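Let me begin by presenting the structure, written as structure tokens, before commenting on it.
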């Protein structure tokens, strides 16, 4: 019996034992990875798919996530939103309109119609108005607010007191939204009255027009229309004005033929029909009772 050979083989098996353990551990790790990734043990495959079937792990949402998803689905399916109330807050320099609803309002459209005297807020979706359909505000900025329901939207109309309102700042609230806008300038807040228009010739020979009003006139602008026949000098007084006098005054001066006056929603227009196409720019002098306009004659 070759004891030395047996002893040598036994020694070899004993020395290789750690290496075999490492191999076994590596094989088990590889098999575990294959099961986790492909769903099958290594060496198994389906026809046409060498990697076998892969079944992804199913992610089970939490109760909070399920509740949020159900809420979103309810909103997308078109649940009826409730408009509870509309209130107006008169602040120092701004006016704030609060549209109170039963939840946040994230979808809206804001527009000014062509006439410029309305601000329209459209809320798409199914809505029910639990508040007033119309109410008077009687403010220098907003006269009235109207609410109307229709298929696919709720419309809120703000009837404005005049043009020139800046685009409102919209703020989304936890329950509704708000529109904040600057108040109208002082000259647009109340209706002014132009009482008398008095044309006359000064001692220097210049043509003067005295506009007698219910107070000083500090806002005015002018431009020429030289290509029209006759040429015209146009003077606009911004704001809301009323003029009870004649709409046309015959002058028959060497430089000016007629004075015409027209009321517009947000300005009063005074037009001078000229006998001459080239005149120097007019001069304006404010007074406590209105405005004096001086038009120099040609060559003056």
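Checked against the criterion of being at pLDDT below 85 and either over 27 Å from residue 274 (Cβ atoms) or in contact with a helix residue (DSSP H, G or I) (Cβ under 8 Å, 6 or more places away or on another chain) (or both), the candidates 184, 177 yield just one match: 184.
Being free of Cβ contacts under 8 Å to residues at least 60 places away in the same chain and part of a loop (DSSP other than H, G, I, E, B): is that true of residue 236 here? No; evaluated as a whole, the condition is false for this residue.
Is it the case that some residue within the stretch 233-248 is at pLDDT below 90 and more than 38 Å from the chain's Cα centre (by Cα)? Checked against the condition, which is being at pLDDT below 90 and more than 38 Å from the chain's Cα centre (by Cα), the stretch 233-248 yields no hits at all. For the stretch 284-300, the tally of residues that are under 41 Å from the mean Cα position of the chain (by Cα) and either in a loop (DSSP other than H, G, I, E, B) or in contact (Cβ under 8 Å) with a residue 12 or more places away in the chain (or both) stands at 9. Of all residue pairs spaced 6 or more apart or on separate chains, those with beta-carbon atoms under 6 Å, a first member in the stretch 125-140 that is over 15 Å from residue 97 (Cα atoms) and a second member that is part of a loop (DSSP other than H, G, I, E, B) are 126/78; 126/80; 128/80.
If you filter the stretch 250-279 down to residues that are within 36 Å of the chain's Cα centre (by Cα) and part of a loop (DSSP other than H, G, I, E, B), you find that the one that is surrounded by the fewest Cβ atoms within 10 Å (Cβ to Cβ) is 265. Applying the condition of being loosely packed, with under 15 Cβ neighbours inside 10 Å and at pLDDT below 85 to the stretch 134-163 and asking which residue is farthest from residue 122 (Cα to Cα) yields 138.
Checking the stated criteria, residue 171 turns out not to satisfy the condition of being at pLDDT 85 or above, surrounded by 12 or more Cβ atoms within 10 Å (Cβ to Cβ) and closer than 14 Å to residue 84 by Cα.
The values are calculated or read from the model by the stated rules, or taken from the named source; none is laboratory data. In this text, all values refer to a predicted model and were calculated from it rather than measured experimentally. Every residue, glycine among them, receives a Cβ derived from its backbone with ideal geometry; neighbour counts consider all protein chains shown.
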